Amino acid sequence: MNLGSPNRVEHQLTDKGYVPVYTTAVVDQPWSKYTSTDHEVWSTLFKRQREILVGRASDEFLRTQEAMGMTPDRIPKYDDLNRMLRKATGWELVGVEGLLPELTFFDHLANRRFPVTWWIRKPEQLDYLAEPDLFHDLFGHVPLLMNPVFADYMQAYGRGGVKAHGIGPEALVNLTRLYWYTVEFGLIKQDDGLRIYGSGIVSSKGESIHCLDSAAPNRIGFDLERIMRTQYRIDTFQKTYFVIDSYEQLMDATRPDFTPIYASLAQHEAIPAGTVLDTDTVFNRGTGEGWATDGDV
Ligand SMILES: [Fe+2]
């Protein structure tokens with residue numbers, strides 16, 4: 001059955017603990033080598049998430065995912081998706097072995113290339129995987145790259161990352177929180193209620209339900225500097241979700257130079273993941289039920 005293992009180069013200590021870091025090379029998607037089990041894992045996860053996400057994911061996420069032609073039938077081919085994506089927003093997918101060193105990742109985004117892990121989880125890992133696989137990357141991240149405003153935001157983030165990398169580790173921490181609370185775990189306010197657009201949520205059954213239906217987490221209006229100060233969870237559901245009004249709001253917030261913002265944030269303490277401030281726009285003040293008392297990063 002074996003496709004071989006992804007090419008891991010080392011483990012690196014980050015704020016997420018020791019994470020594997022992979023070779024920076026771009027690789028071809030070994031599509032003809034996916035096994036029937038691999039395709040079944042895709043199919044099972046795809047059907048399950050699409051069912052849960054009706055009425056939960058943002059209209060734009062559902063629309064762009066359909067427009068790309070992703071189906072449960074089989075693992076999509078990057079080449080097919082790229083034909084749609086290049087035409088829509090000039091982005092393209094490139095295959096990678098897994099998590100990339102930060103600067104390599106930012107450089108891809110800054111050049112409108114989205115790195116997608118080529119391998120997919122095993123059947124016994126449907127509900128939890130410590131690192132992103134093909135399902136998370138393709139199903140979760142790629143659809144909104146069809147949206148011109150979101151596509152521009154992702155590129156702006158990549159450029160910001162290259163710059164923050166040159167400024168220093170604190171700036172990178174601030175910027176990573178923005179990615180975490182928008183691209184990975186963001187909610188959006190539609191006329192008919194709050195919806196999900198974050199990839200970390202849409203690719204997780206448990207969190208897709210929890211983030212909207214549970215009384216436990218805070219749901220708070222988007223605020224760039226507030227988010228850049230806020231710690232997050234890597235091992236449990238988030239304690240707080242931030243809600244944008246529109247994708248334009250994200251893009252507008254990202255337009256200014258962050259350099260003076262980083263300097264001013266360096267004067268402030270980080271905000272724990274579950275804290276609500278007097279200045280917050282509160283959609284839901286979480287009950288905090290089930291929260292771990294330590295482990296915010
Ligand atoms: Fe992700």
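The values are calculated or read from the model by the stated rules, or taken from the named source; none is laboratory data. What you are looking at is a predicted structure, and each value in this text was computed from that prediction instead of being measured. Backbone-built Cβ (ideal geometry, glycine too); neighbour counts: all protein chains shown.
Observations, loosely collected:
- Helices (runs of 4 or more DSSP H) lying entirely in the stretch 192-244 (those with 2 or more residues that are within 16 Å of the ligand (Cβ to nearest atom)): 199-202, 205-213
- Hits in the stretch 120-134 (condition: of a type outside the set (Asp, Glu) and crowded, with 19+ Cβ neighbours inside 10 Å): ILE120, ARG121, PRO132, LEU134
- Unique match (being more than 23 Å from LEU93 (Cα to Cα) and either touching a Cys at 6+ places or on another chain (Cβ under 6 Å) or at pLDDT below 95 (or both)) among PRO169, PRO123, PRO132: PRO169
- Here is the figure for the stretch 83-134: residues that are closer than 15 Å to MET68 by Cβ, in contact (Cβ under 8 Å) with a residue 24 or more places away in the chain and part of a helix (DSSP H, G or I) total 5.
- The C-beta contact set for the stretch 39-53 (first residue in a helix (DSSP H, G or I), second residue small (Gly, Ala, Ser) and surrounded by 14 or more Cβ atoms within 10 Å (Cβ to Cβ), distance under 8 angstrom, 6+ apart or interchain) comprises LEU45/SER203; GLN49/SER203; GLN49/SER208; ILE52/SER208; LEU53/SER208.
- Qualifying residue in the stretch 98-109 (condition: crowded, with 21+ Cβ neighbours inside 10 Å, modelled with pLDDT of 95 or more and within 24 Å of THR44 (Cβ to Cβ)): no
- Given (1) buried (at least 22 other Cβ atoms within 10 Å of the Cβ); (2) more than 16 Å from the ligand (Cβ to nearest atom); (3) over 29 Å from ARG74 (Cβ atoms), number of the condition MET146 does not satisfy: (3)
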